[in-house]
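Undergrad: Encoded as structure tokens, here's the structure I'll be asking about.
The values are calculated or read from the model by the stated rules, or taken from the named source; none is laboratory data. These numbers come from a predicted model, not from an experiment. Cβ placement follows ideal geometry from the backbone for every residue including glycine, while neighbour counts extend to all protein chains displayed. Ligands, DNA and RNA are stripped out before the accessible areas are found, and what is left, the full protein with its side chains, is counted by its heavy atoms. Shrake-Rupley method; radii C 1.70, N 1.55, O 1.52, S 1.80 Å.
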Amino acid sequence: MSKKKVTFADIAKYTGFSKTTISRYFNDPDSLTLENQEKIAKALDELDYQENKLAKVLANGKSEFVGIIIPNLYLHYYSEMLNQLLSSYTDYHYKFLVFVSSDQKELEQQYLDELMAYKIEGLIVLSHTFPSEKLASYHIPIVAIEREAEHICSVNTDNYMGAVQAATLLIRNQCEILIHVNVPVPKQVPAYNRIRGFEDTCIEHHVPYELMLQDFGSTYETTYEAIKKVFVKIDNAYPGKKKGVFLANDTYANIFLNLVFQKYGTLPQEYQIMGFDNSPIANESIIPISTIGQQIDQISKTAMELLILQMNEMKKRQPVPLSEPIHKQITPVLIRRNTTD
């Protein structure tokens, strides 16, 4: 036989409180004394009460949902960031609705409409499809990670410092030519500073360098083919020279390393390879890859804290939105592994 569903009336009868008081326990617990909260909590346990989440949403209008829009999952940085964000449930008990935009504007607009229909309480955005001004027009708590964020709160790595760390290591290792492989990042996007930091360091130390900036597509297959062409170009252009190759992320670096191995069967002394992010693939590749650690766990934690700060404010009777967006920057960490021996 199915177990009888426990109602607010049952809890009220069991505790001697009114149904209004029981409702306040679920929707505004701070309005009750700690003693009364403990009495009701004990009764819920003794009655084996199963909370009706949908009823709670309908009662107070708070969905306990947070939306996440991510560009793709083939770049290991995004998959690890998503993993870290989802694991925050144990700390904050927010549920997540996740959409992968694939850099398609119409598709992402559908996702935004869907998220608004679900009455999400906050949004974390890693995609670059819509400007922050449009996102801010939704008037909900939003945190951007590693994207343009003039009008919304954000958490980013100090990309300039990371690029300086990468280029400096390659210079110390006596590379004769430094090459940075990246997409043509717009100047307003934080990752542009990887290009700027690399170039400034090479100029400062009077080291020859080349920027190889091009579109790598939006799938693993297109990225692989594009990086294959980059490898062939580098290998043919600088024979016999010690080449320091700094790639924009660990996924690119792993593909590049695999291409080197396919040709040479090893990592020749004339190649030094640096990635960026410290996503799991950097340590799991055929040879562990030196990289600039973004401290993804710290970025995720900071983003959730910043989002919850805003969401908690919106729950007040007279919320006071932030007068200016808050921007946080996380320090990167140089991680030396086998590709820069």
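Undergrad: Report, by chain and number, residues whose modeled amide H sits under 5 Å from the one on GLN214, excluding near sequence neighbours (fewer than 5 apart, same chain).
TA: Residues meeting the criterion, in which the H sits 1.01 Å from N, are ASN182, VAL183.
Undergrad: Extending each Cα 7 Å along its Cβ direction at ASP48 and GLU270, get the distance between those two points in nm, one decimal.
TA: So the two model labels end up 7.4 nm from each other.
Undergrad: Relative contact order for the stretch 114-176 using alpha-carbon pairs under 8 Å, separation at least 6, rounded to a whole percent?
TA: Reported relative contact order: 24 percent.
Undergrad: Cα atoms only, the stretch 217-289: Rg and Dmax in Å?
TA: Final numbers for Rg and Dmax: 11.7, 33 Å.
Undergrad: Run the numbers for TYR89 and LYS229: contour at 0.36 nm per residue of separation, minus the present Cα-Cα distance, in nm.
TA: Gain on stretching TYR89 to LYS229: 46.2 nm.
Undergrad: Looking at the chain, what % of the alpha carbon pairs are farther apart than 31 Å? All intermediate terms of the calculation are to be shown ahead of the outcome.
TA: Numbers: 25978 of 57970 pairs.
That tail contains 45 percent of the Cα-Cα pairs.
Undergrad: How high is the FRET efficiency from SER23 to LYS316, r the C-beta distance, R0 30 Å, rounded to 0.05?
TA: It comes out at approximately 0.95.
Undergrad: Can you give the accessible area per residue of the chain, in Å², using a 1.4 Å probe? Walk me through the intermediate numbers first.
TA: Numbers: 17210 Å² over 341 residues.
Accessible area per residue: 50 Å².
Undergrad: Could you state the angle between the C-alpha long axis of helix 250-264 and the longest principal axis of the C-alpha atoms of the chain, as a value from 0 to 90 degrees rounded to the nearest 10?
TA: Helix 250-264 sits roughly 40 degrees off the main axis of the chain.
Undergrad: Tell me the net charge near MET274. Cut-off is 13 Å between Cβ atoms, MET274 excluded, with +1 for each Lys or Arg and -1 for each Asp or Glu. Spell out each step's value before the answer.
TA: On the way: positive: ARG172, ARG194, LYS243, ARG336, ARG337; negative: ASP250, ASP277, ASP341.
Spelling it out: positives minus negatives among the neighbours equals +2.
Undergrad: Same structure, new question: For the stretch 207-219, just list the computed ³J(HN,Hα) in residue order, Karplus coefficients 6.51, -1.76 and 1.60, θ = phi - 60°, integers in Hz, with x standing in for Gly and Pro.
TA: For the stretch 207-219, the Karplus curve yields 9, x, 8, 9, 9, 10, 10, 7, 6, 10, x, 10, 9 Hz.
Undergrad: Next question, about the same structure. For LEU334, list long-range residues whose amide hydrogen, built 1.01 Å from N in the peptide plane, is under 5 Å from its own amide hydrogen.
TA: GLY293
Undergrad: Using only Cα atoms, figure out Rg for the stretch 231-341 and give it as a multiple of 2.2 N^0.38 Å. Let's see the in-between values first.
TA: On the way: Rg = 20.4 Å, N = 111, 2.2 N^0.38 = 13.2 Å.
Ratio of Rg to 2.2 N^0.38 Å for the stretch 231-341: 1.55.
Undergrad: Let me ask something else about it. Whose amide H sits under 5 Å from the amide H of LEU97, counting only residues 5 or more places off or on another chain, with H placed in the peptide plane?
TA: Those lying under 5 Å, H to H, from LEU97 are VAL66, GLY67, ILE68.
Undergrad: When only C-alpha pairs under 8 Å and at least 6 residues apart count, what is the relative contact order of the chain, in percent?
TA: 16
Undergrad: Report in % the part of the accessible area of the chain that belongs to carbon and sulfur, leaving out ligands and nucleic acids; probe 1.4 Å. List each step's numbers first, then the result.
TA: Working: 8780 of 17210 Å².
Looking at the chain in its full context, I get 51 percent from C and S.
Undergrad: A further question follows. Could you tell me which of the pairs LYS134/LYS316; LYS13/LYS42; LYS242/LYS263; LYS105/LYS187 are separated by over 22 angstrom between their Cα atoms in the structure shown?
TA: LYS134/LYS316
Undergrad: Also, I was wondering about something else. What are the ³J(HN,Hα) couplings of the stretch 266-277, residue after residue, when phi is run through the Karplus curve with 6.51, -1.76, 1.60 and θ = phi - 60°? Round to Hz, x for glycine and proline.
TA: 3J(HN,Hα) across the stretch 266-277, in whole Hz: 6, 9, x, 4, 7, 10, 10, 10, 10, x, 8, 2.
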